[in-house]
Every structure is written in structure tokens, then in C-alpha cells.
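I have placed the structure first, in the form of C-alpha cells, so that the comments after it can refer back to it.
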Amino acid sequence: MDYKSGLIQDGNPMENLEKQLICPICLEMFTKPVVILPCQHNLCRKCANDIFQAANPYWTNRGGSMSMSGGRFRCPSCRHEVIMDRHGVYGLQRNLLVENIIDIYKQECSSRPLQKGSHPMCKEHEDEKINIYCLTCEVPTCSMCKVFGAHKACEVAPLQNVFQGQKTELSNCISMLVAGNDRVQTIITQLEDSRRVTKENSHQVKETLSQKFDVLYAILDEKKSELLQRITQEQEEKLSFIEALIQQYQEQLDKSTKLVETAIQSLDEPGGATFLLSAKQLIKSIVEASKGCQLGKTEPGFENMDYFTLDLEYIADTLRAIDFGTDEEEEEFIEEEDQEEEESTEGKEEGHQD
């Protein structure tokens, strides 16, 4: 704490010093202040212990058996988190310097006369101090208001008693709110961890799913190439056969054309002897060529490739039905397979017995 800067800025050093010695939890002057390391903020040891107990409900107090090695403590001033050892708050160091300053401050205050105007005065009775508390109206007032004023029919109590009670209640509310904030912060931390893990798990599942579909794509491409190769092979075989027939018929046609030309030339021969010398062999060659015209041919529908028809509708339906299954569905599928295997085994055994 920066005491010098506070004393310089404030015209009343004692009032500024008192502000520096107030616990942020109970709003009272420090009682057995402890230092929260490493942020160096101070708290009453009781207030710090209340916060620690609220944030760590399973950590037992000093009189009980230690069920945990320590716990977490979050400073209410700066929200810095400190890991406590097995001693809990009682393991924190006492701030003796602040205790000595408080003692000196109390001694100084006790020796100083009460300044005029430091105590609030009643608005209705300007010379009367506010010294009682109206329980009915829940407002502080003076004795004259109770005797002659607006609160004469109300129930009142000493101001100091109500002051201490409400101060204790406010301190408890602050401790409860700080503990609630710690629990909310813990929930936020857990949710942030859950968000991170959810992202990581989603990324991993996406990678696995992509790999599985890549395998399916590879299988489909491989099967596609295999089927296309079979069609290409059939095509080449048929084309080779047709081209061979074309070649044979072309050769036969060329041979027949030459025989026709030779026969025509023979018909132009005027001499009978010369004609007869070659006519018989020529006629024989033409007859043989005529018989050999039927070398072969393709059967009806030879060029048809419809027998390579592929029905993939059931596979398409199966692919469209792909979805994320549950463990229950997988168990039912396994049970159905086991039942089918048992029935098949029983049928074979009965067949052997017959």
C-alpha cells in the first residue's frame, strides 16, 4: 500500500490512513491482517479464511483432519489466484507492519477530541445527533424524533447494535458474493475448457470421417478403372476380329477382281486353240474363288455391348443411407449377425444328421 501518496493527496492524514487500513471484505479495520502472496494485498485472516472455505468446501478447518493437500484462493482485490498449502489461510504470513500501524492509529484516535460535525445530525432537530435506529421505518433517527417526532409510535433500537448487526450482515454478503464469483469463474473456466476440447474433438472426428470417405473414393475409382478395362478389352477383341474379316474379304476381292480381268482378256482371244489352252484352268479358278467368298461373318448383335449394363441403384441407396450410428444400433446389428450364424450352423448340423 502507498501510504505516502494517500497522505499527501488528502488534507486529513488520519482519515486517509483509516481508508488504507480498511479490509475490503468486512469494511472494518484489519484484524490480524495476512498478506496474499504474490499480489501483496491484505485481508483479515478471518475474512480470508471465510472466502477460502467458501471456494474450497471440501477443505477442512484446522481442528479437523486434512482431507486435501491444499486449495485455491482468489484475491478479492485483484482476482489473482494463489495455490494454498495444507495449512490453508493459516499458512499466509501475518502483516505485523500493518498491525503496528493500526495500533498507533487507534492510540492516536483515542487521544484526539471528537471533531464537531463528524457525527451526522438530525434534519428535524438540528441540535440532536442521530443516535437510535427505527426498526419500523428502517432508518436512523434521533431521540427527539422517538419522543416527540414522526417515530414516537415506532420500535427503535440502539444505533450501535443495528450498526454492528448490519455491518456483519454486509460482510457476510460480501463474502458470499466473492465466493459466488469464484464459483462462477470456475464454471467459466470449465466451460472454456469444454469449448476447447469440443473444438479439438470435432476436428479429430472430421479428419477421421474424411479419411474413411477417401478410402471409399479410392475403392470406387479402382472398381471404375477395372470395369472400364474389361469393356476396353472386349472392344479390342471384337474390333480385331472385325478387322481380320475385312482384311480377308479385301484380299478375296482383290483376287476375284484380277480373275475377272483375266477372264475378260481371254474372251477377247480370237484363236480357239490359244483360248482353250487357258480357259479350262481359268474357269476352275473362278469356280473356286466363287466358293471361297463365304470366309466368315459376325453374328447378329455382335456389335452390341449392352451386357455390360451395371445396376448401382441399391449401392446408391446404401450410400444415401450412410449416417452416424449409435452404439445401440451397432449392438443390434452384431446380435442379428450372431443369430444368423447360429441358425446357419444349426441348419448344417441337421443336414449332416439326416
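Give I264, I242, I231, I246 a once-over and let me know the one that is more than 30 Å from C23 (Cα to Cα), at pLDDT below 85 and in a helix (DSSP H, G or I).
Going through I264, I242, I231, I246 in turn, just one is more than 30 Å from C23 (Cα to Cα), at pLDDT below 85 and in a helix (DSSP H, G or I): I264.
Contact list please: Cβ distance under 7 Å, first residue in region 79-90 and of a type in the set (K, R), second residue part of a loop (DSSP other than H, G, I, E, B) and at pLDDT below 75, pairs at least six apart or on different chains.
Within 7 Å, the pairs are R86/M66; R86/S69; R86/G70.
Conditions first: (1) open to solvent by 60 Å² or more (accessible area, probe 1.4 Å); (2) farther than 25 Å from P24 by Cβ. T168 passes all but one, so which condition is the exception?
(2)
Taking only region 126-165 into account, find how many residues are surrounded by 12 or more Cβ atoms within 10 Å (Cβ to Cβ), more than 21 Å from E28 (Cβ to Cβ) and β-branched (V, I, T).
The total comes to 4.
Examine region 6-28 for a residue that is closer than 28 Å to T186 by Cβ, at pLDDT below 80 and of a type in the set (A, V, I, L, M), and state whether such a residue exists.
Within region 6-28 (the criterion being closer than 28 Å to T186 by Cβ, at pLDDT below 80 and of a type in the set (A, V, I, L, M)), the answer is yes, since at least one residue qualifies.
Give K146, K123, K167, K152 a once-over and let me know the one that is modelled with pLDDT under 80 and part of a helix (DSSP H, G or I).
Values: K123 fails: part of a helix (DSSP H, G or I); K167 fails: modelled with pLDDT under 80; K152 fails: part of a helix (DSSP H, G or I).
Selected residue: K146, the only one of K146, K123, K167, K152 that is modelled with pLDDT under 80 and part of a helix (DSSP H, G or I).
For every residue, the table says whether it meets (1) at pLDDT 80 or above; (2) open to solvent by 70 Å² or more (accessible area, probe 1.4 Å).
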residue	(1), (2)
S290	no, yes
Q294	no, yes
G301	yes, no
M305	yes, no
L312	yes, yes
I315	yes, no
T318	yes, yes
A321	yes, yes
G325	no, no
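Which pairs do you get when a residue that is closer than 15 Å to E288 by Cβ, found in region 243-254, comes within reach of a residue that is outside any helix (DSSP H, G or I) and of a type outside the set (F, W, Y), reach meaning Cβ atoms under 9 angstrom, with the pair 6+ apart or on two chains?
What qualifies is Q252/G292; Q252/C293; Q252/L295.
If you go through region 219-259, how many residues are of a type in the set (D, E) and within 30 Å of K284 (Cα to Cα)? Steps first, please.
From region 219-259, those of a type in the set (D, E) are 221-222, 226, 234, 236-237, 243, 251, 254; that's our starting set.
So of that shortlist, the ones also within 30 Å of K284 (Cα to Cα) come out as 243, 251, 254.
Total meeting the criteria: 3.
Being surrounded by fewer than 15 Cβ atoms within 10 Å (Cβ to Cβ), hydrophobic (A, V, I, L, M, F, W, C) and part of a loop (DSSP other than H, G, I, E, B) is the filter here, so list the residues in region 20-35 that pass it.
Once the filter is applied, which keeps residues that are surrounded by fewer than 15 Cβ atoms within 10 Å (Cβ to Cβ), hydrophobic (A, V, I, L, M, F, W, C) and part of a loop (DSSP other than H, G, I, E, B), region 20-35 yields only L27.
Among G71, G64, G88, which is modelled with pLDDT of 75 or more and among the small types (G, A, S)?
G88
The values are calculated or read from the model by the stated rules, or taken from the named source; none is laboratory data. Only a predicted model underlies this, so the values are computations on that prediction, with no experimental measurement involved. Neighbour counts run over all protein chains shown; Cβ positions are idealised from the backbone, glycine included. These area figures cover heavy atoms from the full protein model, side chains too; ligands, DNA and RNA do not enter into them. Shrake-Rupley method; radii C 1.70, N 1.55, O 1.52, S 1.80 Å.
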